[in-house]
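Take a look at the structure set out below.
What follows is calculated from the coordinates using simple rules that are stated; it is not laboratory data. Not measured: the values here are computed from a predicted model. We place every Cβ from the backbone using ideal geometry, glycine too, and count neighbours over all the protein chains shown.
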Amino acid sequence: MARDQVDMTPIETRAELVAWFEAGIKPPSEFRLGTEHEKFAFTVADNRPVPYEGASSIRSLLEGLQRAMGWEPITESGNIIGLFDAAKGGAISLEPGGQFELSGAPVETVHQTCSELKEHLEQLKAIASPLGIGFLGLGMTPTWSRADMPMMPKGRYRIMTGYMPKVGRLGLDMMYRTCTVQTNLDFSSEADMVKKLRVALALQPVGTALFANSPFTEGKPNSFVSFRSEIWRDTDADRSGMLPWAFESGMGFERWVDYALDVPMYFVKRGDRYIDVAGRSFRDLMAGRLPELPGERPTISDWANHISTIFPEVRLKRYLEMRGSDCGAWRRLPALPAFWVGLLYDNDVLDEAWSLVKDWTTEERQKLRDDVPRLGFKATIRNRSLLELSRQTLGLAERGLKRRNRLDPNGRDETQYLAPLVQSVTRGITPAEELLEKYRGAWGGSVTPVYAECMY
């Protein structure tokens, strides 16, 4: 989840909210990509969650990384809760249950993302190994219960923990027991943003199937290939989902602002203090009518933080975030930006992808999204399997990456990073089904070997 913003410029009009999004527009020559991924910290000796405090702890990890890397510490109420790379813009932050998130710096190529990931995991291992801590690349905790999970000392998470059970059955599981990988991409105009948003929303189930990697819950198969994706279906309907209105005429920055204004708030931050306004309206804050802050008007920070608490399958900030995929093996992490960059950063490929999905109905898009957590590649749309659709979209992504022609020092382009995805569609099974094969075979019906199998 996002690092809290600090910009106390007051906001007075709706037009200023629209302008905040418009400021994300860039010429294609300045397009960048960012990759974020979360992972579970666990104790290697007994495969348990890592607490925040103690000799072998999340705090120890962060302090060790801060000494080794020289990144600036992010603190809250005296507790270190993250690190920030002031030189490049990357950050390390904590999810509610201690999941470690790398928010990668904006970079020009997938090669750079791959290098960044390798360096991060090597640094992490150097600090974590002496502490007896490992990291797991899965979309959901395979054995831990909700009660097992520690809670990180972050004010926003305390507020969200109290609010989630009021609006869905599985929100706390989303917070404490899931991990994702996502990629962030730019747009060159409002129209470009709209087209990319629509294509990404329609094809997000493809991203879910290609990366589906959460088949176990509390030591047993859970009947899903991506239970993480299923969890989002019963988390908070006000702030998640497939955004059917984004496909209607008139879609643009103003329409997103109106949507965001209607999403209930979680908190307002003043200094280090989180003020619980869960369920309140940002419109009331704009009008100075928020009971908890009578007469106060919002700031840019309030708006940016509120936007970071909206969780649809694709999220608009000053860039677009692809949010539909489970975390997985490290070599699959660069595959996500490679897939979406190939589809969205080449105009001809983007047009082809739009032609592929533009006449799908709201109901068809929703059914595909609802079916994919359980069925994976076997889900269908218009009598086509998602496996067939995945092969087609991978072909488009490969063409887009070839035309980008961004080469590494060995002269190879970015299509190399699609290899794990090509392998999945060649076999016709998701990463989750690969794990289930091992569970039913070599693992002898035990989930425990997943910790060694999926450790970074």
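Can you tell me the length gained on complete extension of the stretch Met69 to Trp245, counting 0.36 nm per residue apart and subtracting the Cα distance? Intermediate results must be reported in sequence, preceding the final value.
Working: separation 176, 0.36 × 176 = 63.36 nm, distance 4.42 nm.
Between Met69 and Trp245, full extension yields an extra 58.9 nm.
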- Query: Using the alpha-carbon centroid of each, what span in Å lies between segment 295-350 and segment 416-456?
  - Reply: 26
- Relative contact order, percent, segment 258-380 [alpha-carbon distance under 8 Å, six or more residues apart]: 12
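Round to the nearest 0.05 the FRET efficiency obtained for Asn383 and Thr161 when R0 = 60 Å and r is the Cβ-Cβ distance.
Details: r = 43 Å, r/R0 = 0.72.
Efficiency computed from Cβ-Cβ geometry: 0.90.
Per DSSP helix of 4 or more residues, -39500 (n - 2.57); summed, then divided by the residues of the chain. What does that give at 222 nm, rounded to the nearest 500? List each step's numbers first, then the result.
Numbers: 17 runs with 184 residues, N = 456.
Calculated mean residue ellipticity at 222 nm is -12000 deg cm²/dmol.
Sorting Asp272, Asp236 on the 10 Å Cβ count, fewest up front, what's the list? List each step's numbers first, then the result.
Values: Asp272 11, Asp236 22.
Fewest-to-most Cβ neighbours within 10 Å comes out as Asp272, Asp236.
What FRET efficiency would be calculated for the residue pair Asn410, Thr362, taking the C-beta separation as r and a Förster radius of 45 Å, to the nearest 0.05? If you can, show how the numbers build up before the last one.
Working: r = 46 Å, r/R0 = 1.01.
Efficiency for this residue pair is about 0.50.
Please say if segment 1-140 is rounded, prolate or oblate, where rounded means a/c under 1.5 for a ≥ b ≥ c the square roots of the C-alpha gyration tensor eigenvalues, and otherwise the choice is prolate for a/b larger than b/c and oblate otherwise?
Cα axes put segment 1-140 in the prolate bin.
From the square roots a ≥ b ≥ c of the eigenvalues of the alpha-carbon gyration tensor of segment 180-306, which class results: rounded (a/c under 1.5), prolate (a/b over b/c), or oblate? Write down the numbers at each step before the final one.
On the way: a/c = 2.46, a/b = 1.39, b/c = 1.78.
Verdict is oblate for segment 180-306.
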- Query: Can you work out ³J(HN,Hα) from phi for every residue in segment 202-217, in order, using Karplus 6.51 cos²θ - 1.76 cosθ + 1.60 and θ = phi - 60°, giving whole Hz and x for Gly and Pro?
  - Reply: 4, 9, 4, x, 5, x, 5, 5, 4, 10, 4, 7, 9, x, 10, 9
- Message: Explain nothing, just the number: relative contact order of segment 134-229, from Cα pairs under 8 Å at least 6 residues apart, as a whole percent.
- Response: 46
- Once amide H atoms are placed 1.01 Å from N in the peptide plane, what residues at a sequence separation of 5 or more from Ile74, or on another chain, have their amide H within under 5 Å of its amide H? Ile81, Gly82, Leu83, Phe84
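For an R0 of 41 angstrom, estimate the FRET efficiency from the Cβ-Cβ distance between Thr43 and Thr13 and round to the nearest 0.05.
Rounded to the nearest 0.05, the efficiency is 0.20.
Ranked highest first by the average count of other Cβ atoms within 10 Å around their residues, in what order do 432-444, 314-326, 100-112 fall?
Answer by packing, highest mean first, reads 314-326, 100-112, 432-444.
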- Note on the structure: Treating every alpha carbon of segment 351-456 as one equal point scatterer without solvent, the Debye formula yields log10 I(q)/I(0) values at q = 0.13, 0.21 Å⁻¹ of -0.68, -1.12
- Item | Backbone N under 20 Å from the Asp272 label point (7 Å along Cα→Cβ), restricted to segment 121-157 | 151-157
- Message: Which residues among segment 174-205 fall inside the zone where the amide N is under 17 Å from a point 7 Å beyond the Cα of Ser355, along Cα→Cβ?
- Response: 196, 199
- Query: Among bridges DSSP assigns within the chain, what percent are antiparallel (round to 5)?
  - Reply: 95
- Query: Along the charge dipole of segment 14-453, Cβ charges K/R +1 and D/E -1, which of Pro409, Val263, Trp144 sits furthest on the positive end?
  - Reply: Trp144
- Counting only the backbone N, which residues of segment 229-268 are under 11 Å from the spot 7 Å out from the Cα of Glu22 toward its beta-carbon? 253-254
- Item | Anchor Lys166: aspartates and glutamates whose Cα lies under 19 Å away (excluding residues fewer than 8 positions away in-chain) | Glu230, Asp234, Asp236, Asp238, Asp262, Asp276
- Message: With unit charges on the beta carbons (Lys and Arg positive, Asp and Glu negative) and the dipole taken about the Cα centre of the chain, which residue among Leu203, Pro431, Leu285 sits farthest to the positive side?
- Response: Pro431
- Task: Sort 156-162, 134-140 for me by packing, meaning the mean count of neighbouring Cβ atoms within 10 Å per residue, highest on top.
- Result: 134-140, 156-162
- Message: Just to check I understand the Karplus step: with θ = phi - 60° and J = 6.51 cos²θ - 1.76 cosθ + 1.60, what whole-Hz values come out for segment 393-408, glycine and proline as x?
- Response: 5, 5, x, 5, 4, 4, 5, x, 5, 4, 5, 4, 6, 8, 9, 8
- Cα centroid distance between segment 119-164 and segment 232-289, in Å? 27
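Quick check on my link table: of Lys317/Lys438; Lys118/Lys438; Lys26/Lys402, which ones sit more than 31 Å apart, alpha carbon to alpha carbon? Could the numbers behind the result be given before it?
Values: Lys317/Lys438 40 Å; Lys118/Lys438 27 Å; Lys26/Lys402 22 Å.
Checking Cα-Cα distances, Lys317/Lys438 exceed 31 Å.
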- Computed over the Cα atoms of segment 14-453, the Rg and Dmax in Å are 21.0, 64
- How large is the charge dipole for the chain, taken about the Cα centre, if only the Cβ atoms of Lys, Arg (+1) and Asp, Glu (-1) carry charge, to the nearest 20 debye? 700
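Assuming 0.36 nm per residue, please report the length gained on full extension of the stretch Glu122 to Ser223 beyond their Cα-Cα distance.
Values: separation 101, 0.36 × 101 = 36.36 nm, distance 3.41 nm.
Length gained between Glu122 and Ser223: 32.9 nm.
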- Task: Apply the Karplus parameterisation 6.51 cos²θ - 1.76 cosθ + 1.60, with θ equal to phi minus 60°, to every residue of segment 238-250 and state each ³J(HN,Hα) to the nearest whole Hz, in sequence, with x for glycine and proline.
- Result: 5, 10, 9, x, 9, 6, x, 5, 5, 9, 8, 4, x
- Magnitude of the Cβ-charge dipole of segment 259-362, K/R +1 and D/E -1, about the Cα centre, nearest 20 debye? 460
